[in-house]
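What follows draws every value from the coordinates through simple rules; no lab data is involved. All figures in this text were calculated on a predicted structure; none of them were measured in a lab. Neighbour counts run over all protein chains shown; Cβ positions are idealised from the backbone, glycine included.
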Amino acid sequence: MTHITTSKPPHNHGQMSDKQTSQLLDEAIASFDSETVPLGALVDVLAERAFGMVLLVLALPCAIPFLYGVPQVMSLPMVFVAVQLAAGRRTLWLPQSLRDRTLKKDSLTGMMDTARPWLRRFERFSRLRLQFMTKRPMEQVIGLLFILFSLTIMIPLPLTNTVPGAAIVIASLGFIERDGILVFLGTALGTAWVIVLMSLAGGAAALISDAINSVGL
């Protein structure tokens, strides 16, 4: 459970600890009767538990390889959540334009079918460790890193969503379970990805510059 929570009564957190994260997400998605789910309504259901739950459900589709469109839709609200995490907010806010975006319930259910085995592996591995990683000021530092990871998801290239999406999924699970090892592993993966992208961008820029110089432009 992440250190940042909403103003709901404390007994909600006790309920959260009685169930696995994957079970809570299944129940949240199943609670909607319509074929489409407004993003704002889904965030409301998850935000009453923790910021980590909201980031997790937004990042899950981003971690699926060769999935296009949905990760880019999810990345912008992820930036908003990450900014608020970095700012130390205790309640989550999204602009109405993002709240009104809809997701197909079938797509969310399919996402959980794909992600559930992996989530359960991490759930079996997780335990209370290095809890300072899930509290201020570290959670604010990690919020800043989440902003970078989310921005890279917006890049419309193959697999650019998978690694940062997986990084946020792992770190978010760490926040929910108060497992600092998972938080560290997730942020380390995301940071390594950002470094790789910067190196590739720098190499591409150097090649373009050399090509321009070779033709005398």
Q.
What number do you get for the range 39-156 when its Cα radius of gyration is normalised by 2.2 N^0.38 Å, N = residues?
A. 1.06
Q. What span do the alpha-carbon atoms of the range 101-210 cover on each of the three principal axes, reported in whole Å from largest to smallest?
A. 51, 38, 26
Q | Computed helical MRE - 222 nm, the chain, DSSP H runs ≥ 4 contributing -39500 (n - 2.57), nearest 500 | A | -21500 deg cm²/dmol
Q.
Looking at the chain as a GNM with Cα springs under 10 Å, which of MET112, MET198, MET78 has the largest mean-square fluctuation?
A. MET198
Q.
Can you list residues from other chains, or at least 5 along the same chain, whose modelled amide H is less than 5 Å from the amide H of VAL37?
A. LEU103, LYS104, LYS105
Q: Just report the Cα centroid separation between the range 52-126 and the range 137-177, whole Å.
A: 10 Å
Q | Potential extension, SER107-ARG136 segment - 0.36 nm per residue separation minus Cα distance | A | 7.0 nm
Q. If we sort 100-106, 154-160, 82-88, 205-211 on the protection proxy, mean other Cβ atoms within 10 Å, highest first, what's the order?
A. 82-88, 100-106, 154-160, 205-211
Q: State, as an integer percentage, the relative contact order of the chain based on alpha-carbon contacts under 8 Å between residues 6 or more apart.
A: 27 percent
**Q.** Where only alpha carbons of the chain are counted, the Rg and the Dmax (Å)
**A.** 18.1, 70
**Q.** Residue (of ILE153, LEU98, SER172) at the positive-pole extreme of the range 67-217, dipole from beta-carbon charges
**A.** SER172
Q) Does anything in the range 56-98 have its amide N under 19 Å from the 7 Å Cα→Cβ label point of LYS19, and if so which residues? A) 56-60
